[in-house]
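Peer 1: The structure is given below, and queries will be raised subsequently.
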Amino acid sequence: MATWATGIRAVLLDVSGVLYDSGGDAGGTAIQGSVEAVNRIRQSGLKLRFCTNESQATRSQFVRKLRGYGFNISEEEVTAPGPAVTRMLKERGLRPHLLVHDDLLPEFDSVDTSEPNCVVIGDAAENFSYQNLNKAFQVLLSLENPILISLGKGRYYKETDGLMLDVGAYMKALEYACDVTAEVVGKPSQQFFFSALQEMGVKPEEAVMIGDDIVNDIGGAQSCGIRAVLVRTGKYRLSDEHHAEVTADGYVDNLAQAIDILLSSVASDP
C-alpha cells in the first residue's frame, strides 16, 4: 500500500494537465478517466478542492469550461489566484497596472486602477507583447517602492499542441529588469495551500495534493506539510522524477490511477 495514501481526508487537485489539457480547436479535452475519478472522490466522502493558477479566465468562466468537459464542479470549490489578488489589492490600498489576459479583466472590475502603484501580471498569452511588457517595466521603474504581484510563477504548461510559456518566464524578466522580487499569489505560495486547507477544515497531514508540476504543485504542497503525488500527464517530463530539489511522495500514470490507490487505502483504514 502506498504510504502517501494513508490517513487522507481531503484531496487537492491541480486542474490543467491533471483534469484536462487546454488548447486545440475545441478549447481543450478532458484527460482519459479524469471525469470519473472526480466523481469517485465525491462518492467516497473525501473533501475536495480544485487548486489552480488559472489566470486566463475568471473563476466563473473557468468553472463553466470544466463543466463543458463533463466535470461536476462548483465555483466555491475552486481556489484560484484571481479572487485572492483582488482581496489583497483592496486590503493594501493598491492600484494595479494590469498585464493579464483579457478574459480575466472582469475579476478586477471592483478595483481602482487609476494612477497605478503596483503591477499585477498573469498568464496574458497574446498580451505578452514587447510593448505591454515594456509598459509594465516603465510603471515599476517609476515607483519609489515598486511592487510586482504575479498570479503564479509556472515556467510552462501543456496544451494539446505542445508546451507553452507560462507567467513565470515573464515575471522573471520583470524581476531582473527592475531589480524587484515578485509577490506570488497562487501556487507554490504557502498562503495559497493553507487557504484551501482552511476552507475544507483539514490539517496539512490529512490532505494530498495531486498535480503535474513538480515545483509548484508538489514542492509547494510539501512545503506546507501536505503529501503530494505527481501525475505523468500534462506538463510532466521524465526528468521530473529526478528533480534536484523536489521528490514527490508518489508517482502515478494519471489521476484515475491515483484515485484507485487512494480509495483502496481509504477502504482499508480502520
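Peer 1: Quickly run through the range 242-258 and pick out the residues that are more than 20 Å from the chain's Cα centre (by Cα) and in a helix (DSSP H, G or I).
Peer 2: H242, Q257
Peer 1: Looking at the range 104-160 only, could you name the residues that are under 24 Å from P83 (Cβ atoms) and of a type in the set (F, W, Y)?
Peer 2: F108, F128, Y157
Peer 1: Of all residues being part of a loop (DSSP other than H, G, I, E, B) and under 14 Å from the mean Cα position of the chain (by Cα) in the range 213-236, which is surrounded by the fewest Cβ atoms within 10 Å (Cβ to Cβ)? Just the residue, please.
Peer 2: Here is the first cut: in the range 213-236, the ones part of a loop (DSSP other than H, G, I, E, B) are 213, 223-226, 232-236.
After this cut, where a residue has to be under 14 Å from the mean Cα position of the chain (by Cα) as well, the list is 213, 234-235.
Details: D213: 30, G234: 26, K235: 23.
Of everything passing the filter in the range 213-236, K235 is surrounded by the fewest Cβ atoms within 10 Å (Cβ to Cβ).
Peer 1: How about the range 21-61: which of its residues are hydrophobic (A, V, I, L, M, F, W, C) and farther than 21 Å from S189 by Cα?
Peer 2: Matches in the range 21-61: A26, A30, I31, V35, A37, V38, I41, L46.
Peer 1: When A136 is evaluated against the numbered criteria (1) crowded, with 22+ Cβ neighbours inside 10 Å; (2) over 27 Å from T29 (Cα atoms); (3) under 14 Å from the mean Cα position of the chain (by Cα), which criterion, by number, is the only one it fails?
Peer 2: Condition (3) is where A136 drops out.
Peer 1: For the range 133-191, please list each of the strands (runs of 3 or more DSSP E) lying entirely inside it that holds at least 1 residues being aliphatic (A, V, I, L, M).
Peer 2: Fully inside the range 133-191 and qualifying: 148-150, 162-165.
Peer 1: Given the structure, is L98 open to solvent by 30 Å² or more (accessible area, probe 1.4 Å) and assigned to a strand (DSSP E or B)?
Peer 2: yes
Peer 1: Looking at the structure I just gave you, is F128 under 30 Å from E75 (Cβ atoms), within 16 Å of the chain's Cα centre (by Cα), at pLDDT 95 or above and open to solvent by less than 60 Å² (accessible area, probe 1.4 Å)? Outline the logic, then answer.
Peer 2: Working: under 30 Å from E75 (Cβ atoms): yes; within 16 Å of the chain's Cα centre (by Cα): no; at pLDDT 95 or above: yes; open to solvent by less than 60 Å² (accessible area, probe 1.4 Å): yes.
No: the conditions fail for F128.
Peer 1: Could you tell me whether the range 36-55 includes any residue that is farther than 28 Å from F194 by Cβ and either in contact (Cβ under 8 Å) with a residue 60 or more places away in the chain or out of contact with any strand residue (DSSP E or B) (no Cβ under 9 Å at 6 or more places or on another chain) (or both)?
Peer 2: Narrowing the range 36-55 to residues farther than 28 Å from F194 by Cβ: 36.
Applying the additional criterion that residues be either in contact (Cβ under 8 Å) with a residue 60 or more places away in the chain or out of contact with any strand residue (DSSP E or B) (no Cβ under 9 Å at 6 or more places or on another chain) (or both) yields 36.
Yes, the range 36-55 contains at least one residue that is farther than 28 Å from F194 by Cβ and either in contact (Cβ under 8 Å) with a residue 60 or more places away in the chain or out of contact with any strand residue (DSSP E or B) (no Cβ under 9 Å at 6 or more places or on another chain) (or both).
Peer 1: Would you be able to say whether some residue in the range 114-122 is assigned to a helix (DSSP H, G or I) and free of Cβ contacts under 8 Å to residues at least 40 places away in the same chain?
Peer 2: no
Peer 1: Restricting to the range 150-165, and then to whatever is among the hydroxyl-bearing types (S, T, Y) and under 17 Å from the mean Cα position of the chain (by Cα), can you tell me which residue is surrounded by the fewest Cβ atoms within 10 Å (Cβ to Cβ)?
Peer 2: Result: Y156.
Peer 1: Look at the range 166-191 and say how many of its residues are acidic (D, E) and open to solvent by 50 Å² or more (accessible area, probe 1.4 Å).
Peer 2: 2
Peer 1: Going by the structure shown, is S239 surrounded by 22 or more Cβ atoms within 10 Å (Cβ to Cβ), without any contact (Cβ under 8 Å) to a residue 40 or more places away in the chain and not β-branched (V, I, T)?
Peer 2: Numbers: surrounded by 22 or more Cβ atoms within 10 Å (Cβ to Cβ): no; without any contact (Cβ under 8 Å) to a residue 40 or more places away in the chain: yes; not β-branched (V, I, T): yes.
No.
Peer 1: Free of Cβ contacts under 8 Å to residues at least 24 places away in the same chain and of a type in the set (S, T, N, Q) - does that describe any residue in the range 100-113?
Peer 2: First, pick out the residues of the range 100-113 that are free of Cβ contacts under 8 Å to residues at least 24 places away in the same chain: 105, 108-109, 112-113.
Next cut, of a type in the set (S, T, N, Q) only: 113.
Yes, the range 100-113 contains at least one residue that is free of Cβ contacts under 8 Å to residues at least 24 places away in the same chain and of a type in the set (S, T, N, Q).
The values are calculated or read from the model by the stated rules, or taken from the named source; none is laboratory data. Predicted, not measured: the structure shown is a model, and the values here were computed from it. Positions of Cβ are backbone-derived with ideal geometry, glycine not excepted, and every protein chain shown enters the neighbour counts. Calculation scope for accessible area: heavy atoms of the full protein, side chains included, ligands and nucleic acids excluded. Shrake-Rupley method; radii C 1.70, N 1.55, O 1.52, S 1.80 Å.
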